[in-house]
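See below for the structure under consideration.
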Amino acid sequence: MEAWKFAVLFFCAFLGGSSIFLVKSDKSKLLKLILSFSGAYLFGITVLHLIPDAYSGPDKWQIGVFILIGFLLQIFLEQFSEGVEHGHIHKHHDGHVFPFGIMISLCLHAFLEGMPLAKDQHNELIFGISLHHIPAAFALASILMQNHYKKGSIVFYLLIFAAMAPLGFYVSVGLSNGTIGGIDAYFNKIMGIVIGIFLHISTTILFESSADHKINTRKMVAVLLGIGVALIGFFAGNVH
């Protein structure tokens, strides 16, 4: 089970970023539709799966505080990442300058998202993280390409980013089985932080990516599909 989780987390991010080398024209409209689908799916699994699970433990009265911490943490990280988590591609980077703030905040963000995965078999969370890392990795690769990095260097940095969520997952495995610290009691709090991050990212994708906050027909279809897939997974997992 751990092997396929690693593969999905790693290759979705890596292949999503590597697809920059296949794009020969402006695909911003397609990227926005992918973002809308992933944002809606992320929001759906957060509400249907993650929030109820986080509030199921004995420390449930504290979870809201950690959700707020996660939400505020994402606001802080975006001061350095410039919204790359949302697939935003900024064109103001000139010259061969490495975007340290973007890279570090993206890696920290991905690492934190991978941490809660060991406690339960959150397959929906695996797919949610993987989906939203695709446009994030694409945006990162685009920024590096605009900064005139060679293909080999771009691939190298994509490998680092793609490894962060699996690394967070394996660290959480060590935490949950006691090989690193045996602090299983903190998992719901970590999940609360991830929920706050996901709520910020998903709602920002859904509302900020539309001109004048108006949703056209294509985006509405993408949003409904994302919510629909989340609902299918929810009902399929709860029908006995």
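When nucleic acids and ligands are ignored and a 1.4 Å probe is applied, C12 ends up with an accessible area of around 40 Å². The listed residues V229, V155 rank as V229, V155 when sorted by accessible area, largest first, using a 1.4 Å probe.
In this view, the solvent-accessible surface of T217, computed with a 1.4 Å probe and all protein chains in place, comes to about 110 Å². Taking all protein chains as shown and a probe of 1.4 angstrom, E78 keeps an accessible surface of around 40 Å². The apolar share of the surface of the range 100-149, taken as the fraction of accessible area on carbon and sulfur atoms (1.4 Å probe, ligands and nucleic acids excluded), comes to 71 percent. Ranking of S153, S18, S172 by solvent-accessible surface, largest first: S153, S18, S172 (1.4 Å probe, protein heavy atoms only, all chains present).
Sorting L31, L158 by solvent-accessible area of protein heavy atoms yields L31, L158, largest first, with a 1.4 Å probe. Extending 7 Å from the Cα toward the beta-carbon at both S19 and A7 defines two label points whose distance is 1.9 nm.
The values are calculated or read from the model by the stated rules, or taken from the named source; none is laboratory data. Quantities reported herein were computed from a predicted structural model and do not represent experimental measurements. Note that we place each Cβ from the backbone using ideal geometry, even for glycine, and neighbour counts take in every protein chain shown. Protein only, heavy atoms only, side chains kept; ligands, DNA and RNA dropped before computing areas. Shrake-Rupley method; radii C 1.70, N 1.55, O 1.52, S 1.80 Å.
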